[in-house]
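Reading through the structure tokens given below for one structure.
The values are calculated or read from the model by the stated rules, or taken from the named source; none is laboratory data. What you see is a predicted model, and the numbers here were worked out from it, not measured in a lab. A quick note on method: Cβ atoms are made from the backbone with ideal geometry, for glycine too, and the neighbour counts reach across all protein chains shown. These area figures cover heavy atoms from the full protein model, side chains too; ligands, DNA and RNA do not enter into them. Shrake-Rupley method; radii C 1.70, N 1.55, O 1.52, S 1.80 Å.
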Amino acid sequence: MNNEAQRERVFKALDGFRIELPSWGFANTGTRFGKFLQTAAATSLEEKFADAGQVNRLTGAAPTVALHVLWDLPNGVKDAPAVKALAEKYGVRPGSINPNIFQDQEYKYGSIANPSAEIRAKALAHLLESVEIATAVNSADISIWDADGSSYPGTQSIRRRIEWTEEALGKVHAALSPAQRMLVEYKPFEPFFYHTDIGDWGMALAYAYKAGPQAKVLVDTGHHYQGQNIEQIVAWLLHLGMLGGFHFNDRRYADDDLTIASIDPYQVFRIFHEILSDAERAAGVAFMVDQSHNLKGKMEAMVQTVVTAQEIWARAALVDREALAVLQNKCDLVSAEELFRGSFFWDARPVVREWREARGLPADPLAALKASGYVEEAARQRGARNAGSGASYA
Ligand code: AFD
Ligand code: MN
Ligand code: MN
């Protein structure tokens, strides 16, 4: 492929690439062993919108920010007007709405799968309110992470919990407006360590099918057992028209929420290749980041995340899929592999820089962030609030 064709292909791919940022990625969070406070971290929803807006201005690829209901909209639907005003002010729209059915004390033995009908009802009410919030802020996706499970064999009925989970997700689906989707996330481990009620893509798929046609599966790249072939899961969900979206991050051991491609960039490339190989079915798949940076500077890590995703997207876009199909059909293994990984090895950065300049964006968003003094100013404004903060999710 000549340089002009490459440039055209990459430009087209990047024009269509958008990735959603997590509001929680801008606030001080940490691990279960504590957290290292950052003086520039966001301490309010407005600051999260400001930070997300700055990342979008620098990268041109992050126009929406995912919101976490309890942390970002503590007053529920009543906070919707304030959210819309912040979106207007900072040029970044509310993205997926993330209910929180995992941190209240009542959820110790589960939320929608809790043996107590009263607690299940409370969790369902929260999910239904999250649908209302999505409607109020014009968000299309309710992204449900149901952390329920158990930590010791024999202590819970796995099948009763399946029934309770199906019942709740069915009711949430019934509350969706025609333009909304319910994204069912899965995670095999943590916070429970024997079974998780939505533990893998098969369970999430079964729940989505049972709930209804507006339910889809959400693939969090950190939510798999070691060695799982995530791009094969992606290919299956695309084949079935059931891939709702991604939570991108990277991991070495568990759900480590490291920056995308920091451990295994080739896996990201392989996932992107599956998406680009089925553009029709991939239309509408939500690309979202789900990372919280305990060590890296939050703004720097978020800009790095978007920049990295763009560059790998550009490489995956360059795979000559027609030529690859011919080699695959002939089982010309090495030629197929060399064609495939040749795009992965290609340094997309020069052409991506050209795309940024052609779109009026900084050629090097990370350098532009550093030069802007944005983080230093945020530290000046927010330092005192962060110094004394505990878990400053809100
Ligand atoms: C945690 C969970 C899950 C969820 C996210 C936001 O593991 O990935 O999507 O929090 O609620 O990372
Ligand atoms: Mn996630
Ligand atoms: Mn996670």
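Any residue that is at positive phi and among the small types (Gly, Ala, Ser) - is there at least one of those in segment 34-54?
Checked segment 34-54: at least one residue is at positive phi and among the small types (Gly, Ala, Ser).
Would you mind finding the one in ILE312, ILE263, ILE271 that is of a type outside the set (Phe, Trp, Tyr), without any contact (Cβ under 8 Å) to a residue 24 or more places away in the chain and under 28 Å from LEU243 (Cβ atoms)?
Selected residue: ILE263, the only one of ILE312, ILE263, ILE271 that is of a type outside the set (Phe, Trp, Tyr), without any contact (Cβ under 8 Å) to a residue 24 or more places away in the chain and under 28 Å from LEU243 (Cβ atoms).
Hey, can you tell me all the residues within segment 107-139 that are open to solvent by 40 Å² or more (accessible area, probe 1.4 Å), among the small types (Gly, Ala, Ser) and either farther than 18 Å from ALA174 by Cα or not in a helix (DSSP H, G or I) (or both)?
The answer is ALA117, and nothing else.
Can you tell me which of ARG359, ARG385 is modelled with pLDDT under 95, more than 22 Å from VAL268 (Cβ to Cβ), open to solvent by 40 Å² or more (accessible area, probe 1.4 Å) and among the basic types (Lys, Arg)?
Residue meeting the stated conditions: ARG385.
Give segment 222-232 a look and list any residue that's open to solvent by 10 Å² or more (accessible area, probe 1.4 Å) and either at positive phi or within 16 Å of ligand 1 (Cβ to nearest atom) (or both), or say none.
Scanning segment 222-232 gives TYR225, GLY227, GLN228.
Which residues, taken from segment 234-254, are out of contact with any helix residue (DSSP H, G or I) (no Cβ under 9 Å at 6 or more places or on another chain) and either in a helix (DSSP H, G or I) or crowded, with 18+ Cβ neighbours inside 10 Å (or both)?
GLY245, HIS247, ARG251, listed by residue number.
Can you give me the number of residues within segment 140-164 that are within 15 Å of ligand 3 (Cβ to nearest atom), assigned to a loop (DSSP other than H, G, I, E, B) and among the hydrophobic types (A, V, I, L, M, F, W, C)?
2
Tell me, yes or no, whether segment 220-233 has at least one residue that is in a strand (DSSP E or B), within 16 Å of ligand 3 (Cβ to nearest atom) and farther than 18 Å from ASP264 by Cβ.
The answer is no; no qualifying residue exists.
Could you figure out which of (1) under 25 Å from GLN310 (Cα atoms); (2) without any contact (Cβ under 8 Å) to a residue 12 or more places away in the chain isn't true of ALA85?
The number of the failed condition is (1).
If we keep just the residues of segment 21-44 that are within 16 Å of ligand 1 (Cβ to nearest atom), open to solvent by 20 Å² or more (accessible area, probe 1.4 Å) and not in a loop (DSSP other than H, G, I, E, B), which is farthest from LYS89 (Cα to Cα)?
Ranking the qualifying residues of segment 21-44, first place goes to THR31.
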